[in-house]
Amino acid sequence: MADTRYRAYDHGPAPVTAIANDYRAGHFTHEHEHPYAQLIYAVSGVMIVRTEAGQWVVPPTRGIWMPPRTQHAVRMVGAVQMRSTFIDPALVPDLPTQCAVLAVSPLLRELIVAAVELKPPHAPGSRGEHLSQLLIDELRTLPSLALHLPEARDPRLKRICAHLLAEPADNSTATQWAQRLHVDAKTIQRLFARDTGMSFGQWRQQARLLAALERLARGERVLDTALALGYASPGAFATMFKRQFGVSPSAYFQ
């Protein structure tokens, strides 16, 4: 059952409305949904967003696209300045139907900030109408980022995934997990491909990288993060991190 306390955030007879909310570190929003599509944007701080499809890590200056009626919960890592933009699917057709983390452009950031100050409804030809249309146009151009950790459905995979999330430094191979679960190693790989679209190794690497973002956001050192996640050295961790995100761990949040 969705939490109805968040219905107060769905407001405004306009294609686009926006609100600002600031949260303390560790704040958790209970599972809820909105009748509108939502772009959840972090001016500062990191958000961990979970749906039935998996988990997303949303660093600063990124946003997560949430289709209408998607039940989700959000956990704040550090203090978070959240700016939420709601888009009415009845007034804006052909919106994306899948959750995705988006690289918010400087232009879109300014449009979101400006939208927070506008009060609907927006008269035809008004600044609010023009701003809303530009925001929608800019939103359609944003690239999605690989910050998603898919949820496993098979009970055997759920056991593996839960363990790796709790113990990310565990370097057990797919063959070793197959032996523990009394199945063939090919079965483990087949189930991972079916449930997550990833191999066992890819899923574990993604879990480690997303855990790294959360640790770094809390201010942990790169060295400590690398060792806690099972990397042989900070250099190996930095190489993998840069290959995925395009910058070094130390530069990511700057």
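The values are calculated or read from the model by the stated rules, or taken from the named source; none is laboratory data. Worth saying up front: this structure is predicted, and the values here are computed from it rather than measured. Here the Cβ positions follow ideal geometry from the backbone for every residue, glycine too, while neighbour counts run over all protein chains shown.
Checking the structure you have, find out if any residue of the stretch 171-178 is within 20 Å of the chain's Cα centre (by Cα), in contact (Cβ under 8 Å) with a residue 24 or more places away in the chain and not in a helix (DSSP H, G or I). No, the stretch 171-178 contains no residue that is within 20 Å of the chain's Cα centre (by Cα), in contact (Cβ under 8 Å) with a residue 24 or more places away in the chain and not in a helix (DSSP H, G or I). Within the stretch 217-237, residues that are without any contact (Cβ under 8 Å) to a residue 40 or more places away in the chain sit with their Cβ atoms under 8 Å from residues that are hydroxyl-bearing (S, T, Y), at 6+ positions apart or across chains, in these pairs: V222/S250; A226/S233; F237/T225; F237/Y231. The numbered conditions (1) modelled with pLDDT under 90; (2) of a type in the set (D, E, K, R); (3) under 30 Å from T196 (Cβ atoms) are all true for R75 except (1).
Scan the stretch 14-28 and give yes if some residue there is closer than 28 Å to P120 by Cα, touching a His at 6+ places or on another chain (Cβ under 6 Å) and not in a strand (DSSP E or B), otherwise no. Among the residues of the stretch 14-28, at least one is closer than 28 Å to P120 by Cα, touching a His at 6+ places or on another chain (Cβ under 6 Å) and not in a strand (DSSP E or B), which makes the answer yes. Does H122 meet the test of being within 29 Å of V247 (Cα to Cα), in contact (Cβ under 8 Å) with a residue 24 or more places away in the chain, surrounded by 13 or more Cβ atoms within 10 Å (Cβ to Cβ) and of a type outside the set (A, V, I, L, M, F, W, C)? So H122 fails the test.
Listed here are the residues, each with its yes/no results for (1) touching a strand residue (DSSP E or B) at 6+ places or on another chain (Cβ under 8 Å); (2) in contact (Cβ under 8 Å) with a residue 60 or more places away in the chain; (3) of a type in the set (V, I, T).
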site	(1), (2), (3)
Y41	yes, yes, no
I48	yes, yes, yes
E52	no, yes, no
V58	yes, yes, yes
A79	yes, no, no
S84	yes, yes, no
L91	no, yes, no
D94	no, no, no
T97	no, no, yes
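Against the numbered list (1) closer than 28 Å to T196 by Cβ; (2) of a type in the set (K, R); (3) surrounded by 15 or more Cβ atoms within 10 Å (Cβ to Cβ), R69 comes up short only at (3). Looking across the stretch 179-236 at every residue that is more than 14 Å from E151 (Cα to Cα) and acidic (D, E), the one that is modelled with the lowest pLDDT is identified as E214.
Restricted to the stretch 43-54, and to residues there that are modelled with pLDDT under 90 and within 19 Å of E31 (Cα to Cα), the residue that is surrounded by the most Cβ atoms within 10 Å (Cβ to Cβ) is V46. I'm trying to understand the selection: among the residues of the stretch 25-42, which are within 16 Å of the chain's Cα centre (by Cα), over 23 Å from A114 (Cα atoms) and either surrounded by 22 or more Cβ atoms within 10 Å (Cβ to Cβ) or among the hydrophobic types (A, V, I, L, M, F, W, C) (or both)? Scanning the stretch 25-42 gives a single hit, F28.
For the stretch 127-137, the criterion of a residue being surrounded by 13 or more Cβ atoms within 10 Å (Cβ to Cβ), touching a Pro at 6+ places or on another chain (Cβ under 6 Å) and of a type in the set (S, T, N, Q) is satisfied by at least one position. One residue stands out in the stretch 144-158 among those that are outside any loop (DSSP other than H, G, I, E, B) and at pLDDT 85 or above: the one that is nearest to A37 (Cα to Cα), namely H148.
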